[in-house]
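Worksheet: one structure, shown below.
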Amino acid sequence: MNAARFKEKFVQRAFLFNGILVIMILAGIFLLLVINALPTFKDVSLKEFLTGTNWNPSSDYNPAYGIVSMVVSTFMVTIGSLVIAVPIGIGTAAYLSDVAHPKVREIAKPVVEILAGIPSVVIGFLGIVMVGPFIAKLTGTYSGLNALNGSILLAVMALPTIVSLSEDALANVPKSFQEASLALGASHWQTLVRVKLAAASSGIIAACMLGMGRAIGETMTVLMATGNAPAFPSGFLNSVRPMTSTIAIELGEVPYYTTHYHALFAIGLVLFLITFVINMIADIVLHRYERNFR
Amino acid sequence: MNSKIVSIKDFSFYYGQNKCLKNISLDIAAREVTSIIGPSGCGKSTLLRCFNRMNDLIPNTRVEGTIHIDEKNIYAADVDVVDLRRKVGMVFQRPNPFPKSIFENVAYGLRINGVKNKEFIADKIEKGLINAGLWNEVKDRLRDNALRLSGGQQQRLCVARALAIEPEVVLMDEPASALDPIATAKLEELIVELKKKYTIVIVTHNMQQAARISDITVFLMQGELIERGKTSEIFTRPSKKITEEYITGRFG
Ligand SMILES: Nc1ncnc2c1ncn2[C@@H]1O[C@H](COP(=O)(O)OP(=O)(O)OP(=O)(O)O)[C@@H](O)[C@H]1O
Ligand SMILES: [Mg+2]
């Protein structure tokens with residue numbers, strides 16, 4: 001065997017090894033979650049865990065392990081952030097790709113992308129000292145640390161991803177589609193909405209899904225800005241405590257190998273499954289779209 | 001000769017400093033096929049794209065002179081380009097159907113004009129596809145993605161799409177260059193058929209094609225209009241030597 005062939009084989013093996021390693025680490029994490037989560041259900045029924053609205057694991061005489069409140073909180077904050085971030089993000093992307101002067105785009109796009117690198121604790125900080133008081137003043141509520149605040153902050157965090165990837169998707173729409181549309185007497189606006197956004201929709205959906213992925217798993221920001229009230233939320237002006245916050249707050253103090261400890265892993269497992277399902281749905285949507293229109 | 005629909009007077013076009021159409025004057029008659037021929041880079045596409053002001057999309061361009069369509073100067077300040085482009089349709093060199101269904105492709109021009117009536121749209125689409133000679137091939141799969149059609153079918157779909165809004169003038173820039181001989185023959189038949197209702201201006205590199213389908217031939221070279229005349233005359237006894245040399249393939 002000559003040196004070149006040996007090198008080729010070696011590189012191949014190295015990549016294979018890397019691939020296997022990554023898969024094993026991921027599988028290991030999942031296994032760890034499952035193994036640590038399962039003992040929860042010796043004391044708590046799966047039904048109570050998944051349908052109970054009361055989370056009070058540290059009570060001595062009547063501990064409760066229902067996660068519905070925090071699941072609802074997580075979804076409220078996430079969906080709220082998407083409601084804010086998706087229209088703004090797509091609008092900004094459309095502006096950058098179609099309206100802005102090329103020089104503006106050249107400067108604005110990297111700036112937007114840098115925003116993605118702001119540490120979440122800084123965003124949370126802004127939530128406490130700026131967004132919170134502002135919401136409090138606007139709505140006359142006491143603290144302004146609530147689901148709305150979390151939604152706004154997560155929207156800010158998801159925006160760079162959504163803007164940047166959507167802009168890429170729009171820029172990748174072949175110019176010939178645009179020309180065809182304009183030559184048929186469509187205005188720039190009609191061309192943008194009916195042709196460019198439509199043709200870029202798979203990329204835009206993917207961008208929003210990635211933004212959502214970031215929002216749903218985000219911990220520090222929501223921990224700081226949503227007020228930490230583990231009760232069932234009745235509106236966006238309620239303080240809430242999403243799943244991530246609960247784990248972050250309680251795992252540091254819980255005695256090891258108690259039901260409470262295992263229940264926190266079970267929450268992690270549920271969160272993992274939710275993200276997994278969302279990603280799967282996104283994938284199926286994208287594939288269906290591509291089958292029809294590529 | 002029929003009444004003229006397009007009238008170009010002393011028209012020049014600049015890409016930046018580069019004057020690439022030089023003082024062109026040309027009349028185009030209604031319901032005839034006019035072909036523009038000339039060596040690569042002589043400005044055929046540029047000229048064609050001035051008829052519906054598609055060149056407006058290219059930054060740093062400038063025009064001098066006038067182009068009148070239906071007696072109106074299309075480069076006048078008060079002209080609505082959107083209206084102009086509805087009146088002057090275009091078929092591009094490469095088929096460029098939208099990534100939508102066959103139906104939606106033809107419906108596009110109607111929808112952007114605010115047509116909502118479903119029966120009206122369906123009727124127009126059927127007529128458009130029949131006109132473009134595509135109806136029999138696609139009538140059972142109107143909801144399929146247009147990108148799954150063959151290249152020739154896509155190009156005829158683009159013709160149907162352009163015709164659906166009933167333009168007066170149809171511009172075609174080497175519409176057959178991406179097609180095989182059979183698809184080309186079908187497209188040529190179609191063009192000859194279309195001239196009963198439309199005024200057609202076509203750019204082509206194919207001399208036989210120009211000879212077969214056009215009534216008038218215009219020869220451009222280096223941005224200048226060298227000769228315009230009846231196709232039969234241009235191809236048998238051109239008045240300029242250089243035209244003859246180009247047509248007989250001695251250069252270009
Ligand atoms: N977008 C542009 N910017 C600057 N110059 C251009 C642009 N498009 C074309 N030109 C120049 O204008 C001249 C005419 O180009 P045009 O595309 O009209 O030629 P053509 O006759 O259509 O050629 P072909 O037969 O190869 O399509 C060429 O010299 C070309 O380099
Ligand atoms: Mg050309």
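The values are calculated or read from the model by the stated rules, or taken from the named source; none is laboratory data. As the structure is a prediction and not an experimental result, all values here were calculated from the model. Virtual Cβ from ideal backbone geometry, glycine too; neighbours counted across all protein chains shown.
Scanning the stretch A:251-265 for residues that are under 17 Å from A:Val44 (Cα atoms) and assigned to a helix (DSSP H, G or I) gives A:Thr259, A:His260, A:Tyr261, A:His262, A:Ala263, A:Leu264, A:Phe265. In the set A:Ser201, A:Ser187, A:Ser176, A:Ser181, only one residue is in the same structural domain as A:Ile114 (by TED's automatic domain parsing) and in contact (Cβ under 8 Å) with a residue 40 or more places away in the chain; that residue is A:Ser201.
Test B:Val106 against the criterion of being assigned to a helix (DSSP H, G or I), facing chain A (nearest Cβ under 9 Å) and either within 21 Å of the chain's Cα centre (by Cα) or buried (at least 21 other Cβ atoms within 10 Å of the Cβ) (or both), and give yes or no.
On the way: assigned to a helix (DSSP H, G or I): yes; facing chain A (nearest Cβ under 9 Å): no; either within 21 Å of the chain's Cα centre (by Cα) or buried (at least 21 other Cβ atoms within 10 Å of the Cβ) (or both): yes.
For B:Val106, the condition - assigned to a helix (DSSP H, G or I), facing chain A (nearest Cβ under 9 Å) and either within 21 Å of the chain's Cα centre (by Cα) or buried (at least 21 other Cβ atoms within 10 Å of the Cβ) (or both) - is not met.
Scoring A:Tyr95 on the criteria (1) in contact with a helix residue (DSSP H, G or I) (Cβ under 7 Å, 6 or more places away or on another chain); (2) of a type in the set (Ser, Thr, Tyr); (3) not in a loop (DSSP other than H, G, I, E, B) leaves a single failure, condition (1). The residue that is nearest to ligand 1 (Cβ to nearest atom), among those in the stretch B:25-41 that are surrounded by 22 or more Cβ atoms within 10 Å (Cβ to Cβ) and under 17 Å from B:Gln222 (Cβ atoms), is B:Gly38. In the stretch B:24-53, of all residues being assigned to a loop (DSSP other than H, G, I, E, B) and touching a strand residue (DSSP E or B) at 6+ places or on another chain (Cβ under 8 Å), the one that is farthest from B:Thr66 (Cα to Cα) corresponds to B:Pro39.
Of the listed requirements (1) of a type in the set (D, E, K, R); (2) in a loop (DSSP other than H, G, I, E, B); (3) more than 11 Å from chain A (Cβ to nearest Cβ), B:Lys127 misses just one: (2). Picking from residues in the stretch B:89-103 that are in contact with a strand residue (DSSP E or B) (Cβ under 8 Å, 6 or more places away or on another chain) and either within 27 Å of A:His101 (Cβ to Cβ) or within 16 Å of ligand 2 (Cβ to nearest atom) (or both), the one that is nearest to the other protein chains (Cβ to nearest Cβ) is B:Met90. Taking the criterion of being farther than 11 Å from B:Val33 by Cβ and at pLDDT 95 or above, the only residue of the stretch B:188-208 that qualifies is B:Val203. Among the residues of the stretch B:45-88, those identified as more than 14 Å from chain A (Cβ to nearest Cβ) and within 16 Å of ligand 2 (Cβ to nearest atom) are B:Thr46, B:Leu47, B:Thr61.
Please work out if B:Thr217 is within 17 Å of B:Ser35 (Cβ to Cβ) and more than 16 Å from ligand 2 (Cβ to nearest atom).
In short, yes.
In the condition set (1) surrounded by fewer than 24 Cβ atoms within 10 Å (Cβ to Cβ); (2) out of contact with any Pro (no Cβ under 8 Å at 6 or more places or on another chain); (3) over 20 Å from B:Leu26 (Cα atoms), B:Ala178 is compliant with all but (2). Of all the residues in the stretch A:58-92, those that are of a type in the set (Gly, Ala, Ser) and either surrounded by 17 or more Cβ atoms within 10 Å (Cβ to Cβ) or touching a helix residue (DSSP H, G or I) at 6+ places or on another chain (Cβ under 6 Å) (or both) number 7.
I'd like to check something: does the stretch A:8-29 contain any residue that is out of contact with any strand residue (DSSP E or B) (no Cβ under 8 Å at 6 or more places or on another chain), within 21 Å of A:Val222 (Cβ to Cβ) and assigned to a helix (DSSP H, G or I)?
Quick first cut of the stretch A:8-29, residues out of contact with any strand residue (DSSP E or B) (no Cβ under 8 Å at 6 or more places or on another chain) only: A:8-29.
Next, only the ones that are within 21 Å of A:Val222 (Cβ to Cβ) stay: none.
No, the stretch A:8-29 has no match at all.
Every listed requirement among (1) closer than 29 Å to B:Glu233 by Cβ; (2) more than 16 Å from ligand 1 (Cβ to nearest atom) is met by B:Phe51 save one, (2). Mind checking whether some residue in the stretch A:57-78 is without any contact (Cβ under 8 Å) to a residue 12 or more places away in the chain and closer than 22 Å to A:Gly144 by Cβ? Within the stretch A:57-78 (the criterion being without any contact (Cβ under 8 Å) to a residue 12 or more places away in the chain and closer than 22 Å to A:Gly144 by Cβ), the answer is yes, since at least one residue qualifies. Scanning the stretch A:178-197 for residues that are within 7 Å of chain B (Cβ to nearest Cβ), crowded, with 18+ Cβ neighbours inside 10 Å and among the small types (Gly, Ala, Ser) returns A:Ala180, A:Ala183, A:Gly185, A:Ala186. Any residue at all in the stretch B:184-203 that's within 16 Å of ligand 1 (Cβ to nearest atom) and away from chain A (no Cβ under 14 Å)? Looking through the stretch B:184-203, at least one residue is within 16 Å of ligand 1 (Cβ to nearest atom) and away from chain A (no Cβ under 14 Å).
Conditions tested, residue by residue: (1) crowded, with 17+ Cβ neighbours inside 10 Å; (2) in contact with a Pro (Cβ under 9 Å, 6 or more places away or on another chain).
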site	(1), (2)
A:Ala231	no, no
A:Met243	yes, no
A:Ile247	yes, no
A:Gly252	no, no
A:Tyr257	no, yes
A:Leu273	no, no
A:Asn279	no, no
A:Ile284	no, no
A:Arg288	no, no
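Which of the helices (runs of 4 or more DSSP H) found entirely inside the stretch B:155-252 contain at least 3 residues meeting this: touching a residue at least 40 places away in the same chain (Cβ under 8 Å)? It would help to see each step written out before you state the result.
On the way: elements: B:181-194, B:207-213, B:231-236, B:241-247.
Of the helices (runs of 4 or more DSSP H) lying wholly inside the stretch B:155-252, those with at least 3 residues that are touching a residue at least 40 places away in the same chain (Cβ under 8 Å) span B:181-194, B:207-213.
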